[in-house]
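Worksheet: the structure to be examined is printed underneath.
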Amino acid sequence: MNTGYLRGIYFRLAGVVTVVVMLALMVNAYLSQKSFERALAPQLATKVAGVGASIRSLVLRAVESGVSFRELYGVTERFAEIREEAPEVTYFALTNAQGQVQHEKGNAPSGAASHFTSPAMLALLQRGEAAADGTASSTLVGKLYIVSLPIVNATGPLGMLHLGLDAGIFDALMLDMLMDVVVVLVVSLFFTMELMNFIAGAKLEASLRQLGASFERGASGDFRARRRPRGEPAFGSLLDLMDLHLARVNRSFGQAAREIEANRRGPAHERASALVRAQMGLRSLAQRCRFGIDETPQQDNESQLAKVRAPLFMFILAEELTRSFLPGYVKHLLVPIPWLSSEIVVGLPIALFMLIVAIGQPFLGVYTERVGHRKTMLIGAGIAAVGFVATMLAHSVLDLLLWRSLCAVGYAMVFVAGQAYVLDHATPGTRAKSFALFVGAIMAATVCGPSIGGILADNIGVRPTFAIAALLAAASMLVIRSLPAGRHKVEGKLPVRLPSLAEMGALISNPRFMTVTALAAMPAKILLTGLCFYLIPLYVVQMGSTQAMAGRILMVYAVVMVVLGPLTASLATNKTRMYSLVGGGLIVSGLGGVAMLAGADVGWVFLAVILVGLGQSMSIAAQSALLSEHCAPEIAKLGEGVVYGVYRLLERLGNAAGPMIAALLAMHFDYRTGFIAIGAGVSICGALFFMLSLSSPKRALRPVPLTT
C-alpha cells in the first residue's frame, strides 16, 4: 500500500463531502429563490402604495375643501411629478366609484378598463381596504402589475387610485436576486473547500502519508520505531497500534540477540546444538531487516506547506473584498487637485498600490530572509489591517492615498513572505505542486472577494465593508501564528540579493529579454489592472448597475482562470505550443476589450471579462518558460534570481501603469473607448510577439523556475 493509494482515498473522501455540500447549497439556493419570489411582489406593492399615499391624501384634502371628486384638476400634472420621483411606476389612473377612468397618465395596459370595473375591484372599494394602513393589492394586468388603493372619506367610497408597475422590473429584480444566489453558492463552495482543507484536509493527508510510509517501511523490512509528532487525531489509534507492534518486534529481536549472545559465552558443553544455526539466522535477519529506533529527524515539508494556505487565503480575501467598489469610493472622496483630472485622481490609489508592491518586493525579499516568514507576515497583516481601518475613515482622496499605501506595504510583505515560505519548503520535485497550492489560495480569494465585497457594499455600505476587510486581515494574524517561527534551512540555496543597476540596465537593453517582458508580461498586466481594476467598476456603475454587478463580473474572470488555468498550463509541453499560447492568449484577451465595439451593456462586459480570463489563462502559464528560453545566456551569467527579479519588477510596473493608461483614455474619450483602445493595443502586442517568435531561433527549453 503506497502513499498515492492513500492520497486517492483522501481525495475521494473530500470529493464526496464537496458533492454533498454542493447539493445542500443548491437546494438552499433554490428554496431561497422561491422565498424571494413569494416576498417580492407584496414588498413592491407596499412600496408603490407609499408612493400613491401622497396622491390619495391630496385627493382627500381637495374633497374636504369642497371640490367635487369628478371636478378634480391638476391630477395629471401630479402624476407626472410622481413619475420623476418613482420612475418604476409607468402608469397612473384615477377611477370613480363605478370604476370609470377620470384621470390617467401613461399607456394603459390591455384589459385595464375591464379590470377597473371588475366585481373584485368594486368590492375592494366598498370594503375600503388600505384606507389607513397603506397595504395594497397587486394584480398582473397585461404587462403591468396594477397596485390599487381605495380612496374613502367619511361620506363613503369615492374611487380608486391605480398605479402600474412594469412586470419587467420584477423580472430584473428576480434575475438580480438569482445572480446573488448563484454568487453566494459559488463563494460558499470555495469557502467550504478552504475550510475543509484548513480544519481537516492538511492533517488528514499528513496522517495518510505517515500511515503509507509505515506500511512501506514494514514491507521493506524496516522495523525501526520512529518518534512521530503528536497531536494528529486522524488514524491516531491505528498508528499507536502499529507502534506497539513495532516495539514488540524490536523487544523480541533484542531479547533473541541477548539470549544467543549469553549462550555463546557459556561453557562449550552447555551450548545448545542449534546455537550456530540460530546465530547465523539472526545475523541474516539483521542484514535483511532493520531494528531499533530511528533517530533521523522527521520532516514533512508537504504538511508545513499546507499551513500557509489558510492565512494567505484570509489575508488576500481582505484585499479582494474592495476590488469591485474601490474606484467608486475614490470617486466619492474626490477633491480638486491642480493639474490632475478627476479620472487620473480616481486611478491614483490603484496605481500607487501596485507601484509600492512592485518596488517593495525585492527589498522585502531580503528583509524576509533576515527576520523570517512568520514575523514578516504578522507585521504585514497588522499594517494592512490598520490601513483598512484608516481607509474606512478617510475624508478625502489625499489621505486615502496614504492609507492605501499602508495596505500596499502590508500586502507586499505577506505576499513576499508567503512566496518565500513556499520556496523554502518545496523540493525540486514538488516545486510545481507547491506553487499550485500558493496560487490556488490567491485564486480562491479572487473568486470570493470581489463578488461578496460588491454585495456587502450595496447592502451595508462601503465603509462597513472596509471594516470587514480589516477584521479579515486581523484574523489572518491568528492563523499566521501557527506557522513555524524559524526559517527552514535549504541546502545550497543562495542568499537573496538585489539586482544592481548595471544588471538591470543590461537586461532592459537586451532584445530577447524585452521581447517577453515588454510584448507579453507588461501588456497582460496593463490589461488586467486597467480593465478589471479600474474601468469595469466605474463603467458598470455609470451604466446604472450596481457594485454587486461589478463584483459578479470580476468573479467571472477569477472563475475562468481557476477552471482553465490548469488546463492551458498542461498544454504548454513544448516551445511551439508555448509561443502559440503566449501570443494567442494576448490576442484573445485583447479581443475582450475590442468586443465592446459590438455593444455597451452589461452583457458585453461579461463577454469581455470571459475573453480576458481565457487569454490570461493561456498566456501567463507559459511566459516564465519562454523567458528561460529567450534569456538562457543571461541566466547562466547573472543567475535566475536576478533575471526573474527584474522580469517580475517590470511586470508589476505594468500593473501600476494599467490604471493610469485607462484613466488617460477615459479622460480624453470615455470608459468604453478605454476598453477598446487597451484591448486593441494588447492584441497588437500579441501579434508582434507571435511574429517575432516565429522568426527567432529555436532552442531546447530549460526547466522552468516557478518564482512569482
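The values are calculated or read from the model by the stated rules, or taken from the named source; none is laboratory data. This structure is a prediction, so every number in the text was calculated from the model and none was measured. Note that each Cβ is placed from the backbone with ideal geometry, even for glycine, and that neighbours are counted across all protein chains shown.
Whether any residue in segment 427-444 is surrounded by 14 or more Cβ atoms within 10 Å (Cβ to Cβ), at pLDDT below 75, closer than 19 Å to Ile620 by Cβ and aliphatic (A, V, I, L, M) is what I want to check.
yes
Filter segment 656-699 down to the residues that are at pLDDT below 90, part of a helix (DSSP H, G or I) and of a type outside the set (A, V, I, L, M, F, W, C) and list them by number.
Within segment 656-699, His668, Ser693, Ser695 meet the criteria.
Here is a yes/no grid of residues against (1) surrounded by 22 or more Cβ atoms within 10 Å (Cβ to Cβ); (2) under 29 Å from Ala412 (Cβ atoms); (3) within 21 Å of the chain's Cα centre (by Cα):
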{"residue": "Gly584", "(1), (2), (3)": "no, no, no"}
{"residue": "Gly613", "(1), (2), (3)": "yes, yes, yes"}
{"residue": "Ser617", "(1), (2), (3)": "yes, yes, yes"}
{"residue": "Ala632", "(1), (2), (3)": "no, no, no"}
{"residue": "Ala636", "(1), (2), (3)": "no, no, no"}
{"residue": "Val643", "(1), (2), (3)": "yes, yes, no"}
{"residue": "Val646", "(1), (2), (3)": "yes, yes, no"}
{"residue": "Leu664", "(1), (2), (3)": "no, yes, no"}
{"residue": "Arg672", "(1), (2), (3)": "no, no, no"}
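Scanning segment 107-124 for residues that are under 52 Å from the mean Cα position of the chain (by Cα) and of a type outside the set (A, V, I, L, M, F, W, C), which turns out farthest from Ser138 (Cα to Cα)?
Looking at residues that are under 52 Å from the mean Cα position of the chain (by Cα) and of a type outside the set (A, V, I, L, M, F, W, C), I get Asn107.
From Glu104, Glu88, Glu71, Glu77, which residue is free of Cβ contacts under 8 Å to residues at least 40 places away in the same chain and surrounded by 12 or more Cβ atoms within 10 Å (Cβ to Cβ)? Quick ask: steps written out before the conclusion?
Details: Glu88 fails: free of Cβ contacts under 8 Å to residues at least 40 places away in the same chain; Glu71 fails: surrounded by 12 or more Cβ atoms within 10 Å (Cβ to Cβ); Glu77 fails: surrounded by 12 or more Cβ atoms within 10 Å (Cβ to Cβ).
Testing whether each residue is free of Cβ contacts under 8 Å to residues at least 40 places away in the same chain and surrounded by 12 or more Cβ atoms within 10 Å (Cβ to Cβ) leaves just Glu104.
For segment 91-130, give me each residue that is assigned to a strand (DSSP E or B) and among the polar types (S, T, N, Q). Lay out the reasoning, then the answer.
Within segment 91-130, the subset assigned to a strand (DSSP E or B) is 91-96, 101-105.
Within segment 91-130, Thr95, Asn96, Gln102 meet the criteria.
Being part of a loop (DSSP other than H, G, I, E, B), touching a helix residue (DSSP H, G or I) at 6+ places or on another chain (Cβ under 8 Å) and modelled with pLDDT under 90, is that true of even one residue in segment 361-370? Spell out the reasoning first.
The first filter runs over segment 361-370 and keeps only residues part of a loop (DSSP other than H, G, I, E, B), leaving none.
Checked segment 361-370: no residue is part of a loop (DSSP other than H, G, I, E, B), touching a helix residue (DSSP H, G or I) at 6+ places or on another chain (Cβ under 8 Å) and modelled with pLDDT under 90.
Residue-wise test of (1) surrounded by 23 or more Cβ atoms within 10 Å (Cβ to Cβ); (2) touching a Leu at 6+ places or on another chain (Cβ under 8 Å).
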{"position": "Arg512", "(1), (2)": "no, no"}
{"position": "Ala518", "(1), (2)": "no, yes"}
{"position": "Ala524", "(1), (2)": "yes, yes"}
{"position": "Tyr539", "(1), (2)": "yes, no"}
{"position": "Met543", "(1), (2)": "no, no"}
{"position": "Arg552", "(1), (2)": "yes, no"}
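Just name the residue that is nearest to Glu319 (Cα to Cα) out of those in segment 494-548 that are of a type in the set (S, T, N, Q) and assigned to a helix (DSSP H, G or I). Show your work before the answer.
Within segment 494-548, the first condition is being of a type in the set (S, T, N, Q), and the residues that meet it are 500, 509-510, 515, 517, 529, 542, 545-547.
Okay, now just the ones that are also assigned to a helix (DSSP H, G or I), so 515, 517, 529, 542, 547.
Working: Thr515: 32, Thr517: 27, Thr529: 14, Gln542: 23, Gln547: 16 Å.
Across segment 494-548, the extreme among qualifying residues is Thr529.
Mind telling me which of the residues Val308, Val330, Val335 ends up being surrounded by fewer than 20 Cβ atoms within 10 Å (Cβ to Cβ) and either closer than 26 Å to Ile460 by Cα or assigned by TED's automatic domain parsing to the domain that holds Leu398 (or both)? I'd like the intermediate steps shown before the answer.
Working: Val308 fails: surrounded by fewer than 20 Cβ atoms within 10 Å (Cβ to Cβ); Val330 fails: surrounded by fewer than 20 Cβ atoms within 10 Å (Cβ to Cβ).
The unique qualifying residue is Val335.
Among (1) surrounded by fewer than 23 Cβ atoms within 10 Å (Cβ to Cβ); (2) closer than 17 Å to Leu456 by Cβ, there is one condition Leu571 misses while meeting the rest; what is its number?
Here Leu571 clears every test but (2).
Yes or no: segment 525-539 includes at least one residue that is of a type in the set (Ser, Thr, Tyr) and modelled with pLDDT under 90.
Narrowing segment 525-539 to residues of a type in the set (Ser, Thr, Tyr): 529, 534, 539.
Now restrict to residues that are modelled with pLDDT under 90: none.
The answer is no; no qualifying residue exists.
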